[in-house]
Amino acid sequence: MYKILIADDEGIVTDSLQYIIRKNFGEECETAIAKNGRQAIELAESFRPDIALLDIQMPGINGLKAMEEIRAQNPRIKTMILTAYDNFDYAKEALRLGAVDYLMKPVNKKVIVDRLTGALREQGLRLY
């Protein structure tokens, strides 16, 4: 069983990602949803995800700051930024903080599945 944390303040995004993950990875995957950066940090501590998908612009603590705190707790976690902001400074900061990917919304379902598969394999997790 592997765990994926999804942090985004838009319900349609979290619902869509959960559906894509469930449809493509089945029962081998457990997801947790956070609606803001603070909740993502708290969930990461208790849920201990293998991967975190983080939006940048969320209420309170943004996704980059949340990523920094989450990776301080768990340096092995693979983090991916999923955002509508095509901003070079954001991308540069995400990479500096250790993000394995920076994806622009809307993201094609195949891209999500491919990137999650790659990140899970990097974690040493067996798929199927």
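The values are calculated or read from the model by the stated rules, or taken from the named source; none is laboratory data. These figures come from a predicted structure and were not determined experimentally. Ideal geometry is used to build each Cβ from the backbone, glycine not excepted, and the neighbour counts take in all protein chains shown. Side chains are part of the model used for accessible areas, which takes the heavy atoms of the whole protein and leaves out ligands, DNA and RNA. Shrake-Rupley method; radii C 1.70, N 1.55, O 1.52, S 1.80 Å.
Which value in deg cm²/dmol, rounded to the nearest 500, describes the helix-derived mean residue ellipticity at 222 nm for the chain, given -39,500 (n - 2.57) per DSSP H run of n ≥ 4 and division by the residue count? Taken over the chain, the calculation gives -14500 deg cm²/dmol. Only Cα pairs under 8 Å and 6+ residues apart enter the sum, and on that basis the relative contact order of region 41-83 stands at 53 percent.
With contacts taken as Cα pairs under 8 Å at a separation of at least 6 residues, the chain carries a relative contact order of 23 percent. Ranked from largest to smallest solvent-accessible area, with a 1.4 Å probe on the protein heavy atoms, Glu27, Glu122, Glu93 come out as Glu27, Glu122, Glu93. Accessible area of the chain with a 1.4 Å probe: how many percent of it is carbon plus sulfur? C and S fraction of accessible area: 48 percent.
Remark: the Lys92-Tyr19 segment gains 23.3 nm on full extension, using 0.36 nm per residue and subtracting the alpha carbon distance. Placing R0 at 22 angstrom, the Cβ-Cβ distance between Ala72 and Ser46 gives a FRET efficiency of 0.90 after rounding to 0.05.
Pairs of lysines in region 1-126 whose Cα atoms sit within less than 25 Å of one another amount to 28, provided the residues are eight or more positions apart or on different chains.
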